[in-house]
There are 2 protein chains.
Amino acid sequence: MAAPLPIPSPEPAPLPPTAWAVLGLLSFPGERTGYELKKWASSSLRHFYWSPAISQIYAELRRLEALGYATSRRSGPEEPRARRAYAITDAGRAALAAWAAGGHDAGPPVLKHPLLLRVWLGHLTEPARLRAMVSEHIAYTRGELAEVAGALEHAEGVEAWAHPQIALRWSARHLEAELELAEELLADLARLDGGPDVRADARPKASGAGPGHPGQPPDDAPTHG
Amino acid sequence: MAAPLPIPSPEPAPLPPTAWAVLGLLSFPGERTGYELKKWASSSLRHFYWSPAISQIYAELRRLEALGYATSRRSGPEEPRARRAYAITDAGRAALAAWAAGGHDAGPPVLKHPLLLRVWLGHLTEPARLRAMVSEHIAYTRGELAEVAGALEHAEGVEAWAHPQIALRWSARHLEAELELAEELLADLARLDGGPDVRADARPKASGAGPGHPGQPPDDAPTHG
DNA sequence: ATGGACATGTAATTTGTTACATGATTGC
DNA sequence: GCAATCATGTAACAAATTACATGTCCAT
């Protein structure tokens, strides 16, 4: 059914960041379906702002349409599959621009890092187990980095993708930092395990690859996404 | 009322990470109230795993007690204020240890970075405005770093806090990396604004403090938490 | 006596997830 | 024909937030 009444409210509606993220996806040239949005979010948005469930994307799209921030078009009989493609409206673009300019302050970055939660609880875990989890994380992160590098190549050169490209570059660097942080974490844990008195000769801890940690993680199927 | 029946189930209940985080808070020596837990979470847990709303902490505490993972004690008449202090039980400690050992895999780190979301949407924003937001973020992050440094001092030396200390050290390094990332982001944006041809003489970008950024952020009232 | 920190909680609402249902199209 | 992918959605639920209600204790 058609949206009841696309009320053109003057001030932008107070929406959760997720809604703006979805609208943002729509703000780049072209129209796209919820399905496509989900794939895009999973491959790039995810690295600096998480990827909502597909069902939520559909819900947000409906809301955006009800607000008059997006329009949808059902594919006609000429196209094979039945699909609903969304596009941003002028009102939507204006509201999004107002939000992006930071009038209300979207809040500080929030990090949920389950591995660190476990490290924090390290007094309950066998030291070797803990270190193994950190190593696993390193392998996983390497996979992520490879994925971002791929997405980055994809955006390279295209004029309209300049900012997404910068965001992706940030993500790549962030993952590199994450890798380094994890190595240092490993060193800290080793120091702890070795006892309070650290011997100076306790191997300078070459930051290179540790002893055979298993191969890289899934590069497409998020085993635990 | 007393919990209906602390069923001692053999396998640990499948709980959301938040519940484990709260139980984790309880796993350190001593008993504490929901209020205290909230303050502690805000000052340290927050930096690597977010701080739940106080109402949710109370809710989780009730759930943990119902599961037999925690016990509570209402302050007697000897103590001034009426307060309910919680302590972890042996079953709780066992369940938490099992979770921490990583049997089920708590998932990858999730980052929600509103600033990056805005950078990603940079095509909608005035370049100067965008850069100002990044600068603001740098100032904010410096404040965060100072806070972590404070918390770190607090944990220093105490035997039982070894792992929390390592987590905090990670957080401090993470914030330092965040600072560097933001500087690089600023440089990327400047490069974009300056046109595709970057002049080599475009100021080496002293990484020192920017012009008068306002004081540190709220340390207790989450203005936008 | 007044305001602020301490302290606990309930209710309403929103946000977000998982599981499920359905069906078309493509490639083997 | 069959499996995988495309595509959309609903329903049930879980997680989490905000706003509110209530009261104590402490310092000024």
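Restricting attention to segment A:130-153 and to residues that are within 12 Å of chain B (Cβ to nearest Cβ) and without any contact (Cβ under 8 Å) to a residue 40 or more places away in the chain, the residue that is farthest from residue A:119 (Cα to Cα) turns out to be A:132.
Put simply, of A:177, A:149 the only residue that is at pLDDT 95 or above and either of a type outside the set (Val, Ile, Thr) or part of a helix (DSSP H, G or I) (or both) is A:177.
Annotation: of all residues in segment A:43-69 being in a loop (DSSP other than H, G, I, E, B) and closer than 15 Å to residue A:89 by Cβ, the one that is nearest to DNA strand C (Cβ to nearest atom) is A:67. Within segment B:118-131, track down each residue that is of a type in the set (A, V, I, L, M, F, W, C) and surrounded by 22 or more Cβ atoms within 10 Å (Cβ to Cβ). Residues satisfying the conditions are B:119, B:120, B:121, B:130. Contact map, segment B:154-175: first residue closer than 18 Å to residue B:25 by Cα, second residue part of a loop (DSSP other than H, G, I, E, B) and open to solvent by less than 30 Å² (accessible area, probe 1.4 Å), Cβ cut-off under 8 Å, separation 6 or more or different chains; pairs are B:160/B:28; B:161/B:28; B:163/A:121; B:164/B:28. Selection of segment B:18-42 for residues being away from DNA strand C (no atom under 12 Å from the Cβ) and not aliphatic (A, V, I, L, M) yields B:18, B:20, B:24, B:27, B:28, B:29, B:30.
Does residue B:88 qualify as being within 14 Å of DNA strand D (Cβ to nearest atom), touching a Leu at 6+ places or on another chain (Cβ under 6 Å), touching a residue at least 12 places away in the same chain (Cβ under 8 Å) and open to solvent by less than 60 Å² (accessible area, probe 1.4 Å)? Against the criterion (within 14 Å of DNA strand D (Cβ to nearest atom), touching a Leu at 6+ places or on another chain (Cβ under 6 Å), touching a residue at least 12 places away in the same chain (Cβ under 8 Å) and open to solvent by less than 60 Å² (accessible area, probe 1.4 Å)), residue B:88 does not qualify. For segment B:13-32, the tally of residues that are within 16 Å of DNA strand D (Cβ to nearest atom) and either open to solvent by 30 Å² or more (accessible area, probe 1.4 Å) or small (Gly, Ala, Ser) (or both) stands at 7.
The values are calculated or read from the model by the stated rules, or taken from the named source; none is laboratory data. Remember, it's a predicted structure, so these values are computed and weren't measured experimentally. Positions of Cβ are generated from backbone atoms using ideal geometry, with glycine treated the same way; all protein chains shown enter the neighbour counts. For the accessible areas, the whole protein counts, side chains as well, though only heavy atoms, and no ligand, DNA or RNA atoms are used. Shrake-Rupley method; radii C 1.70, N 1.55, O 1.52, S 1.80 Å.
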